[in-house]
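Contents: one structure, followed by commentary.
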Amino acid sequence: MQKDSFRKFKKLLNNSQTIAIVTHYSPDGDAIGSSLALYLFLLKLGKKVHVIVPNDYPEFLHWMPGHQKVLNFQDNEAKAAKILLSAELIFTLDFNSYKRLEKLGTIIEKTEAKKILIDHHQQPDQFADLYFHDVAACSTCELIFDFIVGLGEKKLIDKKIAACIYTGIMTDTGSFRYPSVSSRTHLIISELMKTGIVPSDIHGAVYDNYSIDRLKLLGFALNEKLNLVEGLPVAYFSLNEKELARFNYQKGDIEGLVNYPFSVKGIKVCALFNETEDYVKISFRSKGTIDMNQFARNHFNGGGHINAAGGRSDENLAATEKKFRELVKTLF
Ligand code: 5GP
Ligand code: MN
């Protein structure tokens, strides 16, 4: 845990009028939820605020309040750079290394703005001026709630901000089922519900808004693409570009797929390899104390949490799978 004092956060906020918020490449519910919650909150404090994402995010997050205002770096790099280079303060949310921003990271590195990191991933790089970091938090959204409360501004958490925070907590905890969920998580949800948010509507907006193609892709993957590693409690999927294209793959369509093999008795490690134009994107998941953050860092140029991490490989799909099948033995 690395947390600076609220006296310092308040001082920096008081001295900053123009603020930018950035989050990681391929933003998920927690990345967008935390960014938009903080954005809406800072607007209420009278700040001039921009949210910048390194690339697009799935359609099932487009309903979120503030979505229309998000600037996609890939759509207008010059505008994003101008905002970042003139910002007095930059919040970096839900990531802990500039590597996670891809090309946007090279611009942030050049900015003179003060930085506040709010995040819950393992082993943060030391690039920020102030930290609100806790690996015990279930999500960055949980930390955003604590951050607002810590500033003494809980009264500013309205229904829109609450919906954003709820979404990030829900998506990062697999709908409140991962070990990262604490009694505090539920107390926060209780507080959020007092603003009038309707959890069932949020679950519906995120999880019941996919295409029929996505459901069929899921069926195909489960039926034909599930691999087991002999003698180990390990299962993984690998999907190539052609297979994804067959099902009209859209961003977000394979989110959650990696977890399905856990429903099989005994499975302790799951992985998903998906081929993209440039590299093989990898997701790792584990049960208990098996450390996927370290595994991803050591072997697949990635990182994350103990039970959920990601990485990438510049080798082809078959070579990446082979490497994984060998290395995964070291986890047992
Ligand atoms: P996912 O498998 O859902 O993409 O990511 C699982 C977790 O690992 C998330 O918390 C995500 O932020 C992190 N993660 C995913 N890909 C990478 C990566 O390439 N590098 C690092 N450091 N973390 C990653
Ligand atoms: Mn997160």
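Among residues that are within 16 Å of ligand 1 (Cβ to nearest atom), free of Cβ contacts under 8 Å to residues at least 12 places away in the same chain and not assigned by TED's automatic domain parsing to the domain that holds ASN293, LYS99 is included. Name the residue that is nearest to ligand 1 (Cβ to nearest atom), counting only residues in region 155-184 that are part of a helix (DSSP H, G or I) and surrounded by fewer than 20 Cβ atoms within 10 Å (Cβ to Cβ). My answer is ARG184. If you check LEU61 against the conditions, is it modelled with pLDDT of 95 or more, within 15 Å of ligand 1 (Cβ to nearest atom), under 14 Å from the mean Cα position of the chain (by Cα) and not polar (S, T, N, Q)? Against the criterion (modelled with pLDDT of 95 or more, within 15 Å of ligand 1 (Cβ to nearest atom), under 14 Å from the mean Cα position of the chain (by Cα) and not polar (S, T, N, Q)), LEU61 qualifies.
Flag: ILE107 matches the condition of being aliphatic (A, V, I, L, M) and farther than 18 Å from LEU13 by Cα. Contact annotation: residue pairs with Cβ atoms under 6 Å, 6 or more positions apart or on different chains, pairing a residue in region 303-332 that is under 26 Å from TYR98 (Cβ atoms) with a partner that is β-branched (Val, Ile, Thr), are GLY311/ILE282; SER313/VAL280; SER313/THR320; THR320/VAL280. Within region 287-310, the set of residues being more than 16 Å from ligand 2 (Cβ to nearest atom) and in contact with a strand residue (DSSP E or B) (Cβ under 7 Å, 6 or more places away or on another chain) comprises ILE290, PHE295, ARG297, PHE300, ASN301.
Of everything in region 219-242, what is more than 20 Å from THR289 (Cβ to Cβ), away from ligand 1 (no atom under 16 Å from the Cβ) and touching a residue at least 24 places away in the same chain (Cβ under 8 Å)? Give them in sequence order. Correct list: PHE220, LEU222, LEU226, ASN227, ASN240, GLU241. For region 136-151, filtered to residues that are in contact (Cβ under 8 Å) with a residue 12 or more places away in the chain and more than 16 Å from ligand 2 (Cβ to nearest atom), the residue that is nearest to the chain's Cα centre (by Cα) is ILE148. Within region 191-202, can one find any residue that is in contact with a helix residue (DSSP H, G or I) (Cβ under 9 Å, 6 or more places away or on another chain), in a strand (DSSP E or B) and of a type in the set (S, T, N, Q)? No, because not a single residue in region 191-202 is in contact with a helix residue (DSSP H, G or I) (Cβ under 9 Å, 6 or more places away or on another chain), in a strand (DSSP E or B) and of a type in the set (S, T, N, Q). Filtered by the rule that a residue be touching a residue at least 40 places away in the same chain (Cβ under 8 Å), within 10 Å of ligand 1 (Cβ to nearest atom) and surrounded by 19 or more Cβ atoms within 10 Å (Cβ to Cβ), region 256-280 gives a lone residue, ALA271. Among the candidates PHE145, PHE91, PHE132, the residue that is farther than 25 Å from VAL206 by Cβ, outside any loop (DSSP other than H, G, I, E, B) and of a type outside the set (S, T, N, Q) is uniquely PHE132.
The residues of region 284-326 that are in a loop (DSSP other than H, G, I, E, B), within 25 Å of ASP134 (Cβ to Cβ) and either out of contact with any Lys or Arg (no Cβ under 7 Å at 6 or more places or on another chain) or more than 13 Å from ligand 1 (Cβ to nearest atom) (or both), listed by number, are LYS287, GLY288, THR289, ILE290, ASP291, HIS305, ILE306.
For region 118-137, the set of residues classified as more than 14 Å from TYR39 (Cβ to Cβ) and crowded, with 24+ Cβ neighbours inside 10 Å consists of ASP119, HIS120, PHE132, ALA137, listed by residue number.
The values are calculated or read from the model by the stated rules, or taken from the named source; none is laboratory data. Remember, predicted model here, so these are calculated numbers, not experimental data. Positions of Cβ are backbone-derived with ideal geometry, glycine not excepted, and every protein chain shown enters the neighbour counts.
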